[in-house]
1. Using 0.36 nm times the number of residues separating Asp511 and Leu431, minus their current alpha carbon distance, what extension gain do you get?
2. Between Lys475 and Lys408, what's the calculated FRET efficiency when r is the beta-carbon distance and R0 is 45 Å? Round to 0.05.
3. Need one word for the range 80-196: rounded, prolate or oblate. Basis is the Cα gyration tensor (sqrt eigenvalues a ≥ b ≥ c); a/c below 1.5 gives rounded, then a/b vs b/c decides.
4. Points 7 angstrom from Cα along the Cβ direction at Ser185 and Asn424: gap in nanometres?
5. Assuming R0 = 35 Å, what is the FRET efficiency of Thr325 and His224, from their Cβ-Cβ distance, to the nearest 0.05?
6. By a straight-distance test (C-alpha under 24 Å), which lysines pair with Lys312 as possible cross-link partners, with residues fewer than eight away in the same chain excluded?
7. Fewest first, what order do Ser334, Ser499, Ser145, Ser328 take by the number of other Cβ atoms within 10 Å?
8. Of Ile198, Ile225, how do they rank once you tally other Cβ atoms within 10 Å and put the fewest first?
Amino acid sequence: MIKNIFIPERLGAYYLFSHRTAGIEIGPTHIYATVVMATGKKRIIEKVVDEPIALTNNAGNTATGNAAANSEGANPAGAVTPTTHDERVVQALKNLAAKLGPVDEIVCALPSTLVIFKELTLPFVGLKKIKMVVPFEVESLLPFSLDRATIDCIVTREDKEKGQSELLVAAVKNATVEQYVHYFSAAELPLDKLSVDIVELAGLYFKLAPEKEVTAALIDVETHITRIALIVDKQLRYIRALTKGIGTNHSAPSPEELVADIASSLLSAQQKFKGGERVEKVVIMGPQSENSSFVALCEEQLHSAVRLMQPKQLIHTGIAQSKITSLSQPMIVSIATALSLPLTADFNLQRQAAEQQEDRTITNQIIALAALALLIFATFSAYSFLRIRNLRNAVKTAENEALQELKKNFKLKPGQSATLEAANKAAANELKRQESAWRNLSEENRYAFLRYLTELSRCINVKDAHLDIASLTMKEDTIKLYGSVPGYQQLTKLQNQLSCPLFKKITKLQDPNFTSEPITLTINREEL
């Protein structure tokens, strides 16, 4: 899911997003499934399904267990009748898939009879490092070669002060894992995790167990299998599965014989512990927990207090809620498997699926990062393009408006307003010309010009020099005098008259007629 690529689905036991898990147990005659929805710390049992596996009768025909031939999931008319056990399991899983509805994760509990358990103590801590080392540590303890085994472990105790970890290692043949993977792939159900039934039941017990714990034995007796787990100091220390139970066939042992085998197994386990812990409590679960005579027999023969563990305790203790009115004992393994209990959170015997899931997550994260980077780059590029285009349009609009204003205010000709630059240049020249015109009429310049004329009239004796003035041009610093005198004698007089303090020294006059080439008088501002 997209939302789980960068955000973890859960933090410890707290689910950030709703998550539906289907816990499945494949028995000899039935497939039991439970769907649990996890939201936050809340667990809701939404659905339980008991799907019969078709059985072969003496005539070679097939029938479904518990008279379920006419129930939902029975083979429709015209369908191919499965002949082998594997085919019947696959068909039952296909029928189950239609009843489960959408789920986010499928977990199957392997029978503990197929799994070998060993205890190990390693001189370091850290789950990742432990899982890398465990296969080599347990290799010599296995009855088959390491390359034929799938191995995982549960850390039952971690002592950080001493730097050591105690483990319960589970090993199963690759062929067994492949067989169960085949069941689900043939039924088109994505199997995410393989656990073990008794390990899931132990996890359920830890969830329901009181804070003050005693040495306890968990016993789950069914028609074909008896599961035994020993809990010491709140640790799962010992697991054994007996390939016998309390069944209806003649070959099944009597309850007395079965209890004797259970007692022998527990005694053998206790002798392995240094403290020789005595079993103080026996917890019975599964279908036989409803058999009062069997419970009494266990209490008598095992010499321990007997307690029952039933699915309804989950509801009464508030660990889970349920949309199902009644939860039967045969469903207890599938319920425990679907609850995603802390004990088995990192336990998965389907190593390939776990690695593939991790690879898919990493691949999805890389793809999402690349897509996100591409999206950011595309968004930035699009924004930049639109922003630049808008700015260009704004500049062009402003230029057109400025050009129109310049043409309007300065009466520019078409040749002067071809571009804004040309219009600005023409407008600047026109402005300079206009400023020059009105500057001469400013109050300051008017006063200066009048003073220039006054001083000039004092210096020049027009009659004496016989000066004929044609025109005068005055600027801020100069006065140009256009006119003539009769001769050089008068020109000399004019030269002497113009040598007054108002004007800087002028060059010697040469031509009596200065109508076209005026006499330039430079104002001496120091005298002003």
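None of the figures in this text is laboratory data; all of them are computed from the coordinates on show. Owing to the predicted nature of the structure, the values given are computational and were not obtained by experimental measurement. Methodologically, a virtual Cβ is constructed for each residue, glycine included, from the backbone with ideal geometry; neighbour enumeration extends over all protein chains shown.
1. 25.0 nm
2. The formula returns an efficiency of 0.90 here.
3. Note, shape of the range 80-196 comes out prolate.
4. According to this spin-label approximation, the distance is 7.5 nm.
5. 0.80
6. Within reach: Lys41, Lys42, Lys47, Lys99, Lys207, Lys212, Lys234, Lys281, Lys323.
7. Ser145, Ser499, Ser328, Ser334
8. Ile225, Ile198
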